[in-house]
Amino acid sequence: MSGVWPYIAAIIPSAGVGFLFWVVVKNMIEGDRKERLAHSQWDREHEKEQSREKAAENSPAPKEND
């Protein structure tokens, strides 16, 4: 059993770095996904606002009765 510990001690740092790499890449992918979602929501809101503005420009002004 004492012959196994040097191999385990050699693998632990590599496994730790691999785990850190996985955490970093996972968070980058999740952040990108959330950013794309937020950007698409902003685009939708912006398009709705523009369509409302165009509709207001194209609709005739209400007539006022004096």
With point charges of +1 on the Cβ of Lys and Arg and -1 on the Cβ of Asp and Glu, referenced to the Cα centre of segment 1-57, which listed residue (TRP5, GLN50, LEU37) lies farthest in the positive direction of the dipole? TRP5
With n ≥ 4 as the cut-off for DSSP H runs, can you work out [θ] at 222 nm for the chain, using -39500 (n - 2.57) per run divided by the number of residues, rounded to the nearest 500? -31000 deg cm²/dmol
Computed magnitude of the charge dipole of the chain (debye, nearest 20; Cβ of K, R +1, Cβ of D, E -1): 500 debye
What is the percent carbon and sulfur in the accessible area of the chain, measuring with a 1.4 Å probe over the protein chains and ignoring ligands? 61 percent
Measuring with a 1.4 Å probe in the full set of protein chains, what accessible area per residue, in whole Å², belongs to the chain? 100 Å²
In whole Å, what three semi-axes, largest first, describe the equivalent ellipsoid of the chain built from its Cα gyration tensor (square root of 5 times each eigenvalue)? 65, 7, 5
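The values are calculated or read from the model by the stated rules, or taken from the named source; none is laboratory data. Computed from a prediction, not measured in an experiment: that's the story for all the values here. Neighbour counts are summed over all protein chains in view; Cβ atoms, including those assigned to glycine, are modelled from backbone coordinates with ideal geometry. Each accessible area value is taken on the protein alone, full model and side chains, heavy atoms only, with ligands, DNA and RNA left out. Shrake-Rupley method; radii C 1.70, N 1.55, O 1.52, S 1.80 Å.
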